[in-house]
Structures are given as structure tokens and as C-alpha cells.
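Note sheet for the following structure.
The values are calculated or read from the model by the stated rules, or taken from the named source; none is laboratory data. From a predicted model like this one, the values you see are computed outputs, not experimental measurements. For neighbour counting, all protein chains shown are included, and Cβ atoms are generated from backbone atoms with ideal geometry for every residue, glycine included. Ligands, DNA and RNA are excluded from the accessible area calculation, which covers all protein heavy atoms including side chains. Shrake-Rupley method; radii C 1.70, N 1.55, O 1.52, S 1.80 Å.
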Amino acid sequence: MDSYCGYVALIGAPNAGKSTLLNALIGNRISIVTAKPQTTRSRIRGIANTDKAQVVFIDTPGIFEAKPKFEKAMVDAAWSGADEAEITVLVVDANRGLDDDTRRIADSLRARGKRAILVLNKIDKVEEKIRLPELAKLLYDIYDFERSFMVAAERGDGVADILTYLGAQMPPSPWLYPEDELTDASERIIAAEITREQCFLRLHAELPYGLMVETEKWEEKNDKKGRVLRINQIIITQQESHKKIILGKSGAMLKAIGSAARRKIGGALGATVHLFLFVKVQEGWKDDPQSYKTAGLEYKQ
């Protein structure tokens, strides 16, 4: 039987819904999803299969006008993901419309001459549906997309049509991953991302952007009930005052983060999880080359 396989990059402005779309396309939750922008830091690959084609999706950080070095590395990772893909999917928040970030991305796509399709996401949030064709036309005026789709990724509406189309665009190739594999991210990375997601959901304002989660210890065994994981993670923050907020009164905040993360890690990995969280202050961790490596980013002097 003929087989087809290739890479597809998901790009877009921060909070356009790329990670939600990826999770819907592969039918599982592997990428961090919150209501806050710029939560995805590195490229995460998700794998979806049609009858004959395997589509390897690259979920990239939101592309924005970055200034600090760490944020620039995130944007570089996004464009690197697009450059290695057979086709690029520009995801646009239909409710937000054509903002400056999306316009810059479309301009860059045109300059790169990349094959691309347009996905207008969150159409369920748009009160005046008549705006959708107008928004699509504005984007087509900037870039000649091969196709466009209108979806509500959070509900899964319209997502199957995207996968069918992309599967038909993949070049002849053996599949790169086993049929039942959903991502090439290690379980350690998935576990750390889930905990970081819970930090985003529970901590306010800018605090989550200044922290990183590392999986320090991983022990696995099997008992009569199945797979059991003991995981030690470190939440790294930049300031002592932030550590106090993460801990909360009598450790209540850290306990809430750990409890929610433990349940989600267990569900994602099919295991009973014993999760132990620790908080460490590391000033200037965003300038540490090891932090870039942990986040899957390239460090540049």
C-alpha cells in the first residue's frame, strides 16, 4: 500500500489557538493550553494519521515582535518550524481579526514563498458571522493561501476537514512514527509542560512568564494496579518574592498546582502519579544557556 508522510507547521500570533488546534487534530492533549498568550515556548510535534498519510504537526510558539533574547529565541523556533515543513498553517483568531502580529506573519510568509493554508479559528466566538468572509479577504489580499478553513478548535468543529486536506498534500514517504504514537516529546517534557500549564492557570499577571519547570527525578514501576510514576519537579523562578507567591499561604498554592498537575499527568500518561514539587529561585535563568536547552530553544550569543 502506498504511504505518505510529511511535516506541517502551525504558526500564528500569540493566543490564536494553535495548541488547541493541535490537540484537536491528534485527538489528545499534548500541548499546553491556557487563555494567556505566549504559553508555548518550544516546538512540540504531534502526529495524526489518515488512511494512507501520516501528518507530523509542529506546534510553534506564537510569533510576536520580540525584544528580550529568550523571547527572540521563541520566535526563531517558530519560523524554524515553518521552514522545515511541507506546508504551513496560519492560525488566526477570527474574533480578534487582523492584528499587527498576524499582518507581520502573513507578510513574512509571502517573503519566504511558503505553501500555506489559512485557518480562521474561534469562529464560535464571533457574534457577527458576516465578518468572517471579510476577514478572509483581508488576509488573501496579503497572501495567496492554497485553501482556507473556518473552525472552532476548542469544540472540534471543522477540524476533520483540515486533517483530510493536509493528508492529501503529504509527499510519498514511509511513516516516520508508529501508528499509535501521538507525539515525539518525551514523557518528562509532557509532565513538565502540564505542571507549567497549571502554574499559568493559577498564578496571576506576569508571574508565570518568569518561571520554568524541570523534571528532576523520574522513577517508574508496575504494581497490581498498573503503571506507577514517582516524579520530582522543580519550579524555577527569578525572584524570592515570586517563590512566596508560588508557595502560597502554608504551601496552599503549590499544593493546588501539584494536585491538578498530578491528575492531568496521570491521565495523559496512563499511570498512577506521585508528584513532588519544589520551588527554586534562580535569578537570570532566562540568560542561562541550559534554560534554552531545557525549553528546546537555540541559544545565541
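For the reader, a short list of remarks on this structure follows.
- Residue, modelled with the highest pLDDT, within region 94-105, restricted to residues that are surrounded by 22 or more Cβ atoms within 10 Å (Cβ to Cβ) and not polar (S, T, N, Q): Ala94
- Asp161, sole failed condition from (1) under 18 Å from Leu269 (Cα atoms); (2) within 22 Å of the chain's Cα centre (by Cα); (3) of a type in the set (D, E, K, R): (1)
- Search result, residues across region 208-228 that are touching a helix residue (DSSP H, G or I) at 6+ places or on another chain (Cβ under 7 Å) and more than 18 Å from Gly251 (Cα to Cα): Gly210, Met212, Glu214, Thr215, Trp218
- Count of residues meeting criterion [under 28 Å from Ala48 (Cα atoms), open to solvent by 80 Å² or more (accessible area, probe 1.4 Å) and either in a helix (DSSP H, G or I) or among the β-branched types (Val, Ile, Thr) (or both)] in region 107-131: 3
- Under the condition of being open to solvent by less than 80 Å² (accessible area, probe 1.4 Å), among the hydrophobic types (A, V, I, L, M, F, W, C) and touching a helix residue (DSSP H, G or I) at 6+ places or on another chain (Cβ under 8 Å), the residues counted in region 146-184 number 8.
- Selection from region 180-195 of residues that are modelled with pLDDT of 85 or more and either charged (D, E, K, R) or not in a helix (DSSP H, G or I) (or both): none
- Only listed residue being closer than 20 Å to Gln282 by Cα and not hydroxyl-bearing (Ser, Thr, Tyr), chosen from Ile190, Ile235: Ile235
- Which listed residue, of Phe276, Phe200, is surrounded by fewer than 15 Cβ atoms within 10 Å (Cβ to Cβ), at pLDDT 80 or above and in contact with a helix residue (DSSP H, G or I) (Cβ under 8 Å, 6 or more places away or on another chain): Phe276
- Subset of region 221-244 [open to solvent by 100 Å² or more (accessible area, probe 1.4 Å) and without any contact (Cβ under 8 Å) to a residue 24 or more places away in the chain]: Lys221, Asn222, Lys224, Lys244
- Only one of Glu134, Glu146 that is part of a loop (DSSP other than H, G, I, E, B) and modelled with pLDDT of 90 or more: Glu146
- Filter pass, Ala256 being among the hydrophobic types (A, V, I, L, M, F, W, C), at pLDDT 85 or above, surrounded by fewer than 18 Cβ atoms within 10 Å (Cβ to Cβ) and more than 28 Å from Glu181 (Cβ to Cβ): yes
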